[in-house]
Structure formats: C-alpha cells, structure tokens
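Report on one structure; see the data block that follows.
The values are calculated or read from the model by the stated rules, or taken from the named source; none is laboratory data. Just so you know, these numbers come straight off a predicted model, no measurement behind them. All Cβ positions, even for glycine, are placed from backbone atoms using ideal geometry, and neighbour counts span all protein chains on display. These accessible areas exclude ligands, DNA and RNA; they are computed on the full protein's heavy atoms, side chains included. Shrake-Rupley method; radii C 1.70, N 1.55, O 1.52, S 1.80 Å.
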Amino acid sequence: MVGLENCPMLSNSSSMAQTELLQELTNDCRYNKMTRPPGEINSTNPINVYTKAYIYTIKSNMAKTLQFDVHMILQFRYLDTRLKFSNIAPYLSQINGGQFARDLIWTPTVYVSEPSSTISSGNNVKDILVSIDSSGMVRLNTRLQATLNCGLRLEKFPFDVQECPLVFESWTHNVHDMVLYWDQEPIILANELHLTEYKLVEKWVNTSEVFYTTSQQHYAGNFSSISITFKLAREMGFFMMDYYIPSILIVVISWVSFWLHMDASPPRIVLGTNTILTFMTLASKVENSLPKVSYIKASEIWFLGCTIFLFAAMVEFAFVNTIYRRKKTVPLKKVNSKYILKSTLTPKLARKQFQKNTTGLERSRSWSSLDNTNTNDQDYSSQNYLTVHSFPSTLNIPSVKIDEDKDQKCSIESITSVNSTSSSKPFPRRATLAQLHNFTTMTPQEIAQWIDRRSRIVFPVAFIIFNILYWSFIWI
C-alpha cells in the first residue's frame with residue numbers, strides 16, 4: 001500500500017462526480033476496507049452497528065415442515081469517519097451506489113443464525129443500496145430471504161400460538177470490535193403483509209451476546225447478537241369450517257338412531273357405520289397435514305371424544321336390539337334406572353332372586369292361618385299364591401297364580417292365570433306380604449324403548465359437557 005505521503009491531496013472541487021469522489025475517499029493509500037472503522041469515541045472502542053428490518057413477506061408452512069420463510073430488507077447503519085466528505089464536496093449531501101460502492105468500503109459481516117437456508121440477494125444494484133452522507137454515516141440496505149426452522153409446540157393444535165425467532169449474529173468481529181444494536185423503530189411491516197395460515201399477533205426484538213469456542217467458529221469469543229421474535233397465532237377459520245363444525249354435525253346425526261324403531265336393524269346399522277366412516281375420513285385429512293409428534297394434540301383429543309360418542313351410539317343400538325329380541329319378561333324390584341339396568345344385564349340372576357324372595361317365604365307360611373274363611377274353598381297344599389300389592393289394603397287385591405314347575409329357575413315364567421275377581425273382604429296380612437316383596441315386571445320391548453328414550457337425553461347432555469371441558473382447555 002502506498003504511504004500516506006504519496007497520496008494525492010483531496011481538494012475542494014465542484015466537478016467531481018459521486019463515483020469519482022468515493023474512489024478518491026477509498027484510495028488504498030488512505031483507506032483499508034479490511035480494517036473496521038474506529039469507534040465513535042476513540043479508535044479502541046468497538047464500532048456500533050444499528051440495524052433495522054423492513055419485512056414485506058412471511059410465508060408459513062409450519063404445520064408440516066416446521067419452517068417459515070421471511071423476505072425482508074435489512075438496513076445497517078454505522079459511522080465511518082474515514083468517508084467524511086463535508087469539507088471536500090460541500091455541494092453533495094450524500095453518495096448513493098450499489099454493489100460497486102459496497103465493494104469499495106468496509107461493511108459489517110452479519111449472518112442469520114441457524115437457518116435452514118439463507119439467500120442474501122445482492123448481485124446487482126437492485127438488491128444492494130449504499131448511502132453515505134457528508135459526515136461519514138453509512139447506510140447499507142440489502143434484501144434477504146431466509147427459511148427458518150421454528151420449533152413448534154402443537155399441544156393445542158389447531159389453536160396453537162407459536163413464537164419463532166429470527167437471530168442475526170456477527171461473523172468475524174467479536175464484541176471488542178463490533179456491537180449490533182437495534183435502530184429506532186427496528187421492525188417495519190409492509191401494509192400488504194398477510195399470512196395465509198397464521199396471523200402476526202405480536203413482535204419484539206432483543207439484544208444479546210453469544211459465546212463461541214474455536215471448535216465452533218473460526219473466531220472464538222463473545223459475539224454480538226440481535227433477534228426478532230414473531231408471535232404467530234394459527235388462523236382457525238379453516239379448521240372450524242372444515243373439521244370442527246362438520247364433526248359436530250356428524251355426531252348429532254348419529255343420535256337419529258335413537259328415534260328409529262328398536263328392531264329397525266338395517267337403517268340403524270347403516271346410519272351408525274356411515275357416521276363413523278365419514279368422521280374417520282374427515283379427521284384423516286387434518287392429521288395427514290401434521291408432523292408426527294410424540295405428545296397428544298388437542299385435535300386428537302377431539303377426534304377421540306367424537307369417536308367414543310359415535311361408537312357408543314352403535315353399542316347402544318346393539319344393546320337395545322339384543323334386549324328387544326328376548327322372550328322372557330324381566331322382574332324388577334323398582335321401576336328406576338338402577339334396577340332396570342341391573343335386571344337387564346343379569347336377567348337370570350334377577351329371576352332367581354325374585355323366585356327366592358317370593359316363593360320361599362310363601363311356602364314357609366300356612367295360608368290357612370292367613371285367611372281362615374277360604375280354607376274350605378281352595379287347596380293350598382298344591383298351589384302357592386303371590387299377591388302383588390299395588391293398591392291400598394282396603395281395595396281389591398289382584399293375585400297371581402303360579403304353578404310349581406320342575407325347573408325352579410323358570411318358575412316365574414309359568415304364570416298361568418291372574419285372578420282379578422273382586423272380594424268383599426279385606427286381606428290385611430296378604431297386603432303386608434306384598435309390601436315386603438313389591439316386585440313388578442317389564443317386557444323386553446318396554447325396556448328397549450325405555451333405554452332409547454333415555455339415550456335421547458343422555459347423549460346430547462354428555463356431548464355438551466365434553467364440549468365445555470374441551471373448549472375450556474383450549475382457551476385457558
């Protein structure tokens with residue numbers, strides 16, 4: 001490099017063009033672009049580089065690739081007193097140039113930390129713009145396209161909110177030589193900026209330092225780092241209209257089965273299987289667009305809940321249809337949900353208990369001691385009578401005649417006649433016996449109809465409770 005004593009003097013000239021002036025300022029004899037500019041206070045202080053980003057495109061395909069693309073114009077502003085020309089060319093306010101001007105001056109080396117791929121445009125004047133004012137303040141504008149990895153958390157998919165950082169770091173100069181700062185109004189978003197899958201909820205910037213060892217980078221030490229964090233919320237309109245609302249309607253349609261006849265097997269089977277298959281097809285479209293993760297997502301909880309409701313509707317039909325086809329009546333201690341379901345699930349046990357509690361006690365008593373007025377008319381040695389007491393003792397009491405069968409398990413089914421003849425005499429002791437064992441019976445068809453009527457209420461109420469719990473989890 002030629003010594004400073006051999007450098008031509010910079011004289012005040014009104015005929016020098018911007019390019020000629022810049023070439024004179026960056027002459028090898030007085031300017032070394034490999035050396036950083038001196039600090040603002042003294043030459044030993046690090047140079048401060050102020051950064052500003054103008055973002056005009058954000059493309060996201062994060063649901064499947066966990067990446068998003070950012071297109072921006074990045075501006076670096078720093079003071080290089082070696083390029084001051086206010087005393088040399090007072091007629092010029094600034095020097096503008098492109099790639100040619102960048103090749104002549106020192107520029108900061110900044111890179112995007114941990115990107116998937118980065119393209120720094122700058123092959124022509126359209127992609128690089130250098131502006132130098134008379135005091136030596138340099139503004140370097142460059143277009144940048146970066147595809148960044150974003151570690152998504154999909155527990156609440158598709159109602160998730162993601163925070164994706166964009167980090168810039170110094171490459172060759174540590175904090176003793178160069179420090180990165182965010183400029184005033186660091187982030188500017190284009191008015192036409194629009195994301196198809198996400199919406200930008202919030203953004204913020206941060207400044208930090210990163211330590212590297214020699215094995216990690218060519219240069220060891222602390223390096224300045226700045227970052228932009230984008231808080232992105234997924235647009236829910238697509239999933240609400242194409243997944244949640246249709247799945248709710250599919251579950252509701254499956255309840256139509258409860259209004260069909262208990263023995264209408266073809267329509268109830270077709271309705272149940274079609275709703276399940278339709279919902280599986282609908283859910284598979286959403287799940288196939290997502291990456292495979294080890295944890296459970298909110299969409300999978302919804303899928304599991306709706307599947308359980310659809311499957312339960314099919315099971316209810318199979319249960320009701322099985323009961324409807326039974327031949328034997330079911331004895332009940334009381335007509336309520338507990339005893340109906342208990343006797344329906346264990347009909348043989350209920351009949352055995354009914355027989356034990358009735359005929360056993362009847363045989364232990366002498367009917368002649370209960371009613372002496374009828375001993376001459378009826379033979380109690382071969383017949384037992386069970387009075388079902390459902391009226392006051394002063395009214396006529398219907399009696400059910402039960403013949404003893406060889407098979408004691410089926411004795412309740414061998415009802416031969418019902419004596420409903422009126423009697424002018426009260427039977428107080430028979431009424432007491434009926435009160436102790438107040439059993440009644442329901443036909444299988446009545447039980448099947450009873451279950452269908454209850455299902456029309458139980459299923460919608462349970463689905464509403466499931467929705468309340470699910471959407472409370474989503475919005476908490």
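Restricting to region 281-301, give me the number of residues that are among the hydrophobic types (A, V, I, L, M, F, W, C) and either more than 15 Å from the chain's Cα centre (by Cα) or at pLDDT 95 or above (or both).
1
Just to be sure I understand, how many residues within region 61-105 are open to solvent by 10 Å² or more (accessible area, probe 1.4 Å), touching a residue at least 12 places away in the same chain (Cβ under 8 Å) and within 18 Å of residue 30 (Cβ to Cβ)?
Summing the residues that are open to solvent by 10 Å² or more (accessible area, probe 1.4 Å), touching a residue at least 12 places away in the same chain (Cβ under 8 Å) and within 18 Å of residue 30 (Cβ to Cβ) in region 61-105 gives 8.
Give me a count of the residues in region 26-46 that are more than 54 Å from the chain's Cα centre (by Cα), surrounded by 17 or more Cβ atoms within 10 Å (Cβ to Cβ) and not aromatic (Phe, Trp, Tyr).
1
Taking only region 208-238 into account, find how many residues are at pLDDT below 85, surrounded by 15 or more Cβ atoms within 10 Å (Cβ to Cβ) and β-branched (Val, Ile, Thr).
Looking only at that region, the number is 1.
Pick from 245, 269: which is in contact (Cβ under 8 Å) with a residue 40 or more places away in the chain, outside the structural domain of residue 65 (by the TED database), open to solvent by 60 Å² or more (accessible area, probe 1.4 Å) and part of a helix (DSSP H, G or I)?
269
Got a number for residues in region 46-92 being part of a helix (DSSP H, G or I) and touching a Lys or Arg at 6+ places or on another chain (Cβ under 9 Å)?
Counting residues in region 46-92 that are part of a helix (DSSP H, G or I) and touching a Lys or Arg at 6+ places or on another chain (Cβ under 9 Å) gives 3.
So is residue 172 within 20 Å of residue 70 (Cα to Cα) and of a type in the set (Ser, Thr, Tyr) or not?
Considered against the rule, which asks whether it is within 20 Å of residue 70 (Cα to Cα) and of a type in the set (Ser, Thr, Tyr), residue 172 comes out as no.
Of the residues that sit in region 164-207 and are of a type in the set (Ser, Thr, Tyr), in a strand (DSSP E or B) and open to solvent by less than 50 Å² (accessible area, probe 1.4 Å), which one is nearest to residue 112 (Cα to Cα)?
Across region 164-207, the extreme among qualifying residues is 170.
Which condition number in (1) touching a Pro at 6+ places or on another chain (Cβ under 9 Å); (2) open to solvent by less than 30 Å² (accessible area, probe 1.4 Å); (3) closer than 30 Å to residue 162 by Cβ; (4) modelled with pLDDT of 90 or more is the one that residue 250 fails?
Going through the list (1) touching a Pro at 6+ places or on another chain (Cβ under 9 Å); (2) open to solvent by less than 30 Å² (accessible area, probe 1.4 Å); (3) closer than 30 Å to residue 162 by Cβ; (4) modelled with pLDDT of 90 or more, residue 250 breaks only (1).
Quick check on residue 55: is it of a type outside the set (Asp, Glu), farther than 22 Å from residue 172 by Cα and in the same structural domain as residue 228 (by the TED database)?
Against the criterion (of a type outside the set (Asp, Glu), farther than 22 Å from residue 172 by Cα and in the same structural domain as residue 228 (by the TED database)), residue 55 qualifies.
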